1. Mind checking which pairs have a first residue in the range B:212-235 that is basic (Lys, Arg) and a second that is crowded, with 21+ Cβ neighbours inside 10 Å, Cβ under 8 Å, 6 or more apart or different chains?
2. Which residue, of C:Ile129, C:Ile44, C:Ile122, C:Ile147, is among the β-branched types (Val, Ile, Thr), under 27 Å from C:Met168 (Cα atoms) and surrounded by 15 or more Cβ atoms within 10 Å (Cβ to Cβ)?
3. Among (1) more than 14 Å from chain C (Cβ to nearest Cβ); (2) outside any loop (DSSP other than H, G, I, E, B); (3) not hydrophobic (A, V, I, L, M, F, W, C), there is one condition B:His29 misses while meeting the rest; what is its number?
4. Looking only at the range C:164-173, which residues are in contact (Cβ under 8 Å) with a residue 60 or more places away in the chain and under 14 Å from C:Ile122 (Cα atoms)?
5. Can you pull out every residue in the range B:37-58 that is charged (D, E, K, R) and either at the interface with chain C (Cβ under 7 Å from one of its Cβ atoms) or closer than 13 Å to B:Ile151 by Cβ (or both)?
6. Tell me the residue from A:Gln73, A:Gln43 that is surrounded by 14 or more Cβ atoms within 10 Å (Cβ to Cβ) and among the polar types (S, T, N, Q), please.
7. Assuming B:Phe112 fulfils every condition listed in (1) outside any helix (DSSP H, G or I); (2) under 19 Å from B:Val173 (Cβ atoms); (3) not basic (Lys, Arg) apart from one, which condition is it?
8. It is to be established whether one or more residues within the range B:270-279 are within 30 Å of A:Gln162 (Cα to Cα) and surrounded by 15 or more Cβ atoms within 10 Å (Cβ to Cβ).
Amino acid sequence: MPPSNKGLAPILDVRGMTKHFPAGILFNKKQVHAVENATFTVQYSQVVALVGESGSGKTTTIRMIARLIPVTQGEIFFEGANIFKTEPRGASMDYRSKVQLIFQDPFASLNAVQTIEHHLARPLIIHKKAFGRQEIHERVCDLLDTVELKPASEIANRYPHQLSGGQRQRVSIARALAVDPKLILADEPISMLDVSIRMGVLNLIDKLKEERGISYVYITHDLASARYIGDQIMVMYAGHMVEGGDGEAIMREAAHPYTQLLLSAVPNPQAGLHTDKGIRVRGEVPSLIDPPPGCPFGARCPSVINICHQIMPAKKELTPNHWVRCHLYSS
Amino acid sequence: MDDVSFAIQPGEVVGLAGESGSGKSTIAHAILRILHPPALITGGQVLFKGRDVMEMNDAELGQFRWSKISIVFQSAMNALNPVMKIRDQLTDVMVHHGLSKADANTRALNLFKLVGIDPQRLDTYPHQLSGGMRQRAVIAIALALDPPILIMDEPTTALDVVVQKDILQQISVLREKLGFSILFITHDLSLLVEISTRIAIMYAGEIVERAPARELFETPLHPYTLGLMNSFPSISGLKHKLTGIPGSPPDLIDVPTGCRFHPRCPKVMAICSKTVPGIKFISSDHSVSCHLFN
Amino acid sequence: MNPNAKASPCDPVTGETQSITHGKPVSTQIDFLRRTITQPKAIIGLVILGVFILMALFAPLIAPNNPNKYVGLAHEPPTINHWLGTTGQGQDVFTQLVWGSRISLLIGFSVGILSTILGLAIGMISGYIPGVVDGVLNMFTNVFLLIPGLPLLITLASFLPQGMLTVMLVLTFTGWAWPARVFRSQVLCLREKDFVSASVVSGERTPRIVFSEILPNMLSLVMSSLFGAVIYTIGADAGLAFLGFENVNIVSWGTMLYWASNSSALLQEAWWTFVPPGLCIALVSFATTMLIYAMDEVTNPRLRSEKDITRVLKKYRTGSKRATPVVKEPATR
C-alpha cells in the first residue's frame, strides 16, 4: 500500500507557491502566470510525480523548490522549517546538501570541458565529504559504482562527450548523490534518453529510494512513467495543480476532465488498435499572460459550465488520498 | 545502414521503429537522396512503381521529390523557414512543379482546411503558430502535390501527448480522404502498434524483425523487440517491474561482429558473435533475423 | 590515437558532429587546439608569424648595426650594401625593419593580451552578475564603444608623456571595450545552461563558477578575441605613430611610416621606405587572421561540410550537388 500523505510529518511542504514573470515592455507591462498557488507535500522515502505538458509550470515549480529562482508568493517548509524565514537570503549550504536537482538534458547538465571526476569531486569538496585526492577519488569511484557505471576508474577520467546519454544521466544522479541528499528533484530525467535505457535509469531512482530513503519530486509529461515510479501523482495544467493523490487511484478513476484527456491521449496498445473512442481533442493550452479568471481548462473542457469561467474551483477531497479542483465535484 | 529491404503497399502504414543510431532517419533521407555529405549510398535500389530512384539524375529527382514521395520532419521549426510566410512556403513547391500562382493559392487554402488550420493563418510566420499548428502546416506542405507516399520522421516526438493524439487523429482522417501510404518512423513502439498496418524494427542499421502490427505486439520474436516492449510502462493493467535493455546502442563506426545485438542480448549464444543471422520467415509476413530461429 | 579524431564524423541526417566514444580521453580544449593547429590556414599563419617572431628575436644577428646610424645618402634605392635602400635620413631601411619589428610585435602582442584580459574581467563580471553590477559595467562598456576610437587615441596620446608605456596604456584603454561586449554576451548565454545551474545547486560559489566552469568553455572565443585585439593594436599603433603621436625617435614600423611621410617619400618615389613596413604590418595582420579562420573552420560545422561536399564530389566525379551520390562499390570497413 503506497504511503498516504496524512498524519506523518512531510519532508517537503509547499504551500501556495506562485511565480509570475514580468513580460511586455515599457507601458505595456504584463505578467506571465507561470505557477499559480501550487500546494502539495512529499513524505520521507516517497516519490511524488508531477505530471503536465509543456507550459504547465512544472519545471518552474521545481526550480523554485531548488531555490534557483525566487518565488513571487508562497512558502516552502523543508523538514518542518519555513525556509524563507530561516534562510531568507538564499539557500544555505545545509539546504544545498539536502536538496538536489537532476536536469532533463543529459548533455547540457554536464560541463563539456571538465572530466567526470571533476563533476563528482566538486560537491564532495564543497560539502566537505572527502579530503585529499586519494579519498576524493575513492569516493568518486564509489558513487559511480552506486549508479552502475563500470569500470568506475576509467569512466571518471572521461569527458561528457565520451559517454552515452544514459551514462551521462547516471553521472548526474551520482553528482546529486554525492552530498547525501534527502530530497532529489528530477526534471524529466528520462525524456531525452533512448527508449531501451529509460527503464534502467528509472529503476535506479527507485532503488535509491528504497535503499537510502531519498524522496523524489519527479517531473514528467508521460503519465505512464509517472504511474510506474510515482507513489503520488499531481497533475498540473497552465500553472495550476488540478488533481492529485494516490497514483493508482488517479489512473483508475481520474476525476478532472484534463486528467481524463491526458489518459485518453496516451498510446495504449493493450486497448486495441485504432481506438477512435476516447475524448476528441479540442483547442490548445491557453496563454499564461494575464490569464482571465476562472479555471484555465474552461476553454477546452467538454463538461464546462458557466461558473468555470468565473472562479477557480477550490480543492475538493474525493477520498482521503485523492483531491481535485473542478466545479463538477463541488457541491 | 546495411542491406535494409522493405515494401510499402498503397494505402498502408508501415512503421519503422528504432532508437538513436538505428538508421531509421538515415533511410528516410536516403530514399529521397537528401543525406548530407560525406554520406554515400553504396548499394541497393529504391523502386517506386518500377523506377529506381538511385538511377535518377538531378532533374528527374526534382520532379520525383515531393510529387511522388514527400517527407514530414521531426521538428517543424527546423523544417519551416522562419522569415517566410507559411503561404509562400506552401505555394513555393506547387509553383515549382508547374501550377499557376492562382491555382497554388487556392490549393493552399484547401490544404489548410484539410489539416484543420484556419486559412486566415496562411499569412503568418512560423513563430506565430503553436507547436501543434506548425506541425499541421508542415503536413500541409507535405501534401501539397498529393503524393502517394508520405514519409513521417518522428513527426510527433517533440509535441505534447495531447497534441500528438490530435495530430495522429488528423493524419488518420487525411489518410481516409486522400488514400496515401505512410512510412512512419519513430522510437515509440506503442504508438506504432496503434497506427501501423505493418511494423519493421531496426537496430544498428539493420532490420531485425518485421510483422503485421498486431502480430508483432502479440508475438514478438526477436530479443530486441522483446526488450523494447519491456521498456514501455503501461497506464492500465497490472504494475510490474520493467527492465529495458542493458547497455547502449552501438557506435556505428565500430559495430559488433556477427549479430549486432549480441552484446546486449539476454539470450545470446556462442554463434551470435561469429555469424550474421540471416532472415528467416516464420510465417508469410513475419520475418526475424536471429539465431534462435535458424 | 584514433585516426578518425582528425575529422569528426558528421551525422548524415542532421549534419552535426558526432562524438567519438572510444579512444583515450582527450579534453575538448586540447582536441580543439590540436585540430586548429593542423588546419592548412593555421599552418600558413603560424609560419608567417614564426618568421617575424624569429626576425624580432634574432635582430642583432640578422642586422647587426644600429638602426639609427647614418649609413649612406638619403633615399638610395635597394643595392647590395643596403638590401632595402636608405631612408630620407640616410639610415638603412632593412636594419630599421628588423629592429622595428621588435617594438611593433611587442606592443601588438602585449596590448592584445592586456586588452583581452581587461575585457574578460569586465565582460565576465558584467555577464554573470545581473542587476546593478551588470547595468553599471555595461554602461561603462557602451560609453567606451561609442567614443570614436581615433580621436580618443589622439587626445590621450597628446596629453600623456610620450613613450612606449603611454602607447600601451592608450591602446589598451581604447581596445578593451569590444572584447568585453563579446565576452559578456557569451557569459549571458552560458549562464543559462544547465551545468551552471547544477553547479549552483551543488553549492558552488560564484567566483569559482565563473572561472572554473564558464571560462574554460570560452576558449575559442578568447583566442579569437586575442587575435583580433592583436590585429587592431598593430594597426592602431602604426596609425598613431604615422600621425606623429608617438616618440618618433624609437624605431618601429609605424615610425618608419612617419618618417617616410615626413620625407615626402611618395613624391620622391622612394617606395622602399614605406612599402616594406606597410607590407610587414599587413602580413602580420594577415597571418593572425588566418589563425582566426582556422579556428572558425574547426568550430563551425557548416564550413567543414562545404569542404566535405567538394571533396566527395571530386572523388566520385559526380556532378550532382542536390542529391546524395550513389556509388556502386563494395563497402569498405
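1. Final answer for the pair search is B:Arg214/B:Val193.
2. Only one candidate qualifies: C:Ile122.
3. (1)
4. Passing the criteria: only C:Thr172.
5. B:Asp58
6. Of A:Gln73, A:Gln43, the one residue that is surrounded by 14 or more Cβ atoms within 10 Å (Cβ to Cβ) and among the polar types (S, T, N, Q) is A:Gln43.
7. Tallying (1) outside any helix (DSSP H, G or I); (2) under 19 Å from B:Val173 (Cβ atoms); (3) not basic (Lys, Arg), B:Phe112 fails exactly one: (1).
8. Yes, the range B:270-279 has at least one match.
The values are calculated or read from the model by the stated rules, or taken from the named source; none is laboratory data. Everything numeric in this text was worked out from a predicted model, so none of it was measured. Ideal geometry is used to build each Cβ from the backbone, glycine not excepted, and the neighbour counts take in all protein chains shown.
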